[in-house]
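Since the structure comes first, as structure tokens, the remarks are kept for the end.
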Amino acid sequence: MIVSLLLKKLRDAVADLTPIVLVIAFFQIVVLRQHLPQVEELLTGSLLVVAGLALFVQGLEMGLFPLGESMARALAAKGSLFWLLVFAFALGFSTTVAEPALIAVAAEAARVAGQEGLIDPGAASLEQYALGLRMSVAFSVGLAILIGVLRIIRGWPVHYLIIGGYAVVMLMTIFAPKEIVGIAYDAGGVTTSTITVPLVTALGVGLASVIRGRSPLVDGFGLIAFASLLPMIFVMGYGMLVFG
């Protein structure tokens with residue numbers, strides 16, 4: 001059964017990646033009129049990507065999605081709002097700290113800031129800047145998931161919170177140092193990646209499924225939007241502190 005599921009996921013992964021391969025091949029051969037460089041390495045890398053994507057999707061369906069939903073239901077059944085909110089914050093914080101995309105962006109931002117003379121280019125200073133950036137984003141995502149869980153419990157309209165949040169983002173963009181604005185906007189995207197999205201989505205759907213009067217389709221989704229929004233605010237605030 002597992003083998004048949006993996007074969008199906010492999011077929012799905014090939015179907016998902018085929019348009020990307022066709023676009024690259026078209027521009028390389030027809031527009032640029034050049035042969036594909038290092039064909040053997042490209043084929044090997046593509047096969048590894050297909051295998052990794054298939055295994056990743058299968059792992060999500062077998063492990064992370066059921067885990068997130070079951071924990072949300074168990075905490076809701078326990079009836080403790082405090083522990084549910086603590087779990088929401090801890091889940092958002094821990095998954096974001098471990099997010100590979102955020103680690104890469106924070107390290108690159110520190111390197112460029114050192115080259116531009118915005119911070120001391122020493123290794124310790126770069127590491128401190130990158131760590132501070134990661135902690136700011138992780139804390140903001142934890143708070144975002146906490147607010148999102150409160151929204152599901154209380155039934156608050158999601159659009160009011162999103163519109164208000166982006167109004168704050170636009171206002172802070174005016175006053176934040178220009179060196180941090182681009183990083184802040186990117187931080188909102190890299191937080192919602194391979195680790196954070198599956199667990200947070202499962203948390204929202206599972207919680208909305210067990211609360212009376214809540215719809216998993218209407219109320220269960222929207223946590224990812226908060227996880228993208230708050231990092232922009234916190235990173236711009238972090239830049240105001242670091243860059244004065």
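The values are calculated or read from the model by the stated rules, or taken from the named source; none is laboratory data. Please read these numbers as outputs of a predicted model, since none were measured by experiment. Note that each Cβ is placed from the backbone with ideal geometry, even for glycine, and that neighbours are counted across all protein chains shown. Just the protein is used for accessible areas: all its heavy atoms, side chains included, with ligands, DNA and RNA removed. Shrake-Rupley method; radii C 1.70, N 1.55, O 1.52, S 1.80 Å.
Mind listing whichever residues of region 52-86 are free of Cβ contacts under 8 Å to residues at least 60 places away in the same chain, surrounded by fewer than 15 Cβ atoms within 10 Å (Cβ to Cβ) and within 17 Å of Val197 (Cα to Cα)?
Scanning region 52-86 gives Leu55, Gly59, Glu61, Met62, Gly63.
Listed here are the residues, each with its yes/no results for (1) modelled with pLDDT under 90; (2) surrounded by 17 or more Cβ atoms within 10 Å (Cβ to Cβ).
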| residue | (1), (2) |
| --- | --- |
| Gly188 | yes, yes |
| Val197 | yes, yes |
| Gly206 | yes, yes |
| Pro231 | no, yes |
| Gly239 | yes, yes |
| Gly244 | yes, no |
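Is one or more of the residues making up region 216-225 open to solvent by less than 50 Å² (accessible area, probe 1.4 Å), of a type outside the set (Gly, Ala, Ser) and not in a loop (DSSP other than H, G, I, E, B)?
yes
Of the residues Ile153, Ile180, which single one is within 29 Å of Leu60 (Cα to Cα), assigned to a helix (DSSP H, G or I) and either of a type in the set (A, V, I, L, M) or open to solvent by 40 Å² or more (accessible area, probe 1.4 Å) (or both)?
Ile153
I'm trying to understand the selection: among the residues of region 127-146, which are surrounded by fewer than 19 Cβ atoms within 10 Å (Cβ to Cβ) and over 12 Å from Val242 (Cα atoms)?
Glu127, Leu131, Met135
Of everything in region 11-51 that's among the polar types (S, T, N, Q), surrounded by 11 or more Cβ atoms within 10 Å (Cβ to Cβ) and more than 26 Å from the chain's Cα centre (by Cα), which residue is nearest to Leu199 (Cα to Cα)?
By that ranking, first place goes to Thr44.
For Gly114, indicate whether it is out of contact with any Gly (no Cβ under 6 Å at 6 or more places or on another chain) and either closer than 17 Å to Pro231 by Cβ or assigned to a loop (DSSP other than H, G, I, E, B) (or both).
Taking the combined requirement at face value, the residue does not satisfy it.
I need a count of the residues in region 87-100 that are among the small types (Gly, Ala, Ser) and either assigned to a loop (DSSP other than H, G, I, E, B) or open to solvent by 30 Å² or more (accessible area, probe 1.4 Å) (or both).
Selection size over region 87-100: 3.
Considering only region 30-79, how many residues are among the β-branched types (Val, Ile, Thr) and at pLDDT below 80?
Of the residues in region 30-79, 2 are among the β-branched types (Val, Ile, Thr) and at pLDDT below 80.
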